[in-house]
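Accompanying notes for the structure given below.
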Amino acid sequence: MNRKQMQRMETRAALLDAARRAFAGDGYERTTVDEVARKAEVSKGAVYFHFPSKDRLFAELLASSIRCEQQCVDRATALPPDMVLDALLMLVAGDPETPAQLWLEFWAAASRQPFIAEELQTLEQSVVQAAERIVLRAQSGRLADGSAPPREVAALVLALRHSSHLSPTSSDPAGALQRALLARALGAGRQQVLRRSG
């Protein structure tokens with residue numbers, strides 16, 4: 001890769017980072033291409049060189065966020081079965097680089113743009129399937145109560161995930177309540193919950 005290609009990649013990354021901050025802070029409607037350019041410290045022309053419209057910039061930001069979320073899902077499913085609570089909490093938290101406010105903007109856009117709704121639904125299916133696999137592995141290793149239906153635990157993971165997007169400044173910043181709810185759903189004892197959250 002030559003120097004010019006490296007510079008283009010760096011500019012593109014800076015634009016996505018600036019767009020992430022702008023859309024999360026001001027929302028899609030109020031964010032302008034000028035503002036993204038200013039935050040990225042590039043010209044407006046540089047924005048249009050990489051992204052032909054604000055819509056395309058937003059769509060690429062969504063795609064980038066979904067890739068990061070999928071990496072988080074992959075990391076969670078790679079954890080050993082004895083870390084079932086940690087793995088499920090990783091699915092709840094998702095990628096820390098994508099602010100909760102940005103997910104709200106993605107969901108709002110999904111009501112206007114069907115392809116965004118499809119992308120978000122695909123991501124949610126991936127999270128649910130990963131949670132089910134994590135629970136099944138823990139149950140087969142007798143590390144979780146076998147009576148907890150994996151589909152129900154996965155639904156709880158998704159509900160907690162949505163809750164954290166809706167209320168990012170929750171009164172449970174350390175995730176103790178989320179951990180306790182998931183531990184209860186798995187049939188894990190209070191001692192295990194305390195040991196893992198300590």
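What follows is calculated from the coordinates using simple rules that are stated; it is not laboratory data. Nothing here was measured: the structure is a model prediction, and the numbers come from that model. Here Cβ is always computed from backbone atoms with ideal geometry, including for glycine, and neighbour counts include all displayed protein chains.
Here are some notes:
- Using the Cβ-Cβ distance between residue 125 and residue 166 with R0 set to 22 Å, the FRET efficiency works out to roughly 0.65.
- Between residue 63 and residue 107, full extension at 0.36 nm per residue minus the direct alpha carbon distance yields a gain of 14.5 nm.
- The lysines whose alpha-carbon is closer than 22 Å to the alpha-carbon of residue 54, local same-chain residues fewer than 8 away aside, are 39, 44.
- Counted residue by residue at 0.36 nm each, then reduced by the alpha carbon distance between them, the extension gain from residue 184 to residue 145 reaches 13.1 nm.
- Values of log10 I(q)/I(0), in the order q = 0.14, 0.18, 0.21, 0.24 Å⁻¹, for the range 1-77 under a Debye, Cα-only, solvent-free model: -0.48, -0.72, -0.90, -1.07
- Mean shadow area of the chain over all directions, Cα convex hull, nm²: 12.9 nm²
- FRET efficiency, residue 8 to residue 97 (Cβ-Cβ, R0 30 Å, nearest 0.05): 0.90
- Sites residue 70 and residue 38, calculated FRET efficiency, Cβ-Cβ separation with R0 30 Å, nearest 0.05: 0.45
- With both labels modelled 7 Å from their Cα along Cα-to-Cβ, the residue 177 to residue 55 distance reads 4.0 nm.
- Extension gain, residue 159 to residue 78: 0.36 nm times the residue separation minus the Cα-Cα distance gives 26.9 nm.
- Of 30, 38, the sequence from fewest to most neighbouring Cβ atoms within 10 angstrom is 30, 38.
- Packing-based exposure ordering (other Cβ within 10 Å, fewest first) of 4, 44: 4, 44
- Neighbour-count ranking [beta-carbon atoms within 10 angstrom, fewest first] of 106, 23, 115, 58: 115, 58, 106, 23
- Every helix of 4 or more DSSP H residues in the chain counts as -39500 (n - 2.57), and over all residues that averages to -25000 deg cm²/dmol at 222 nm.
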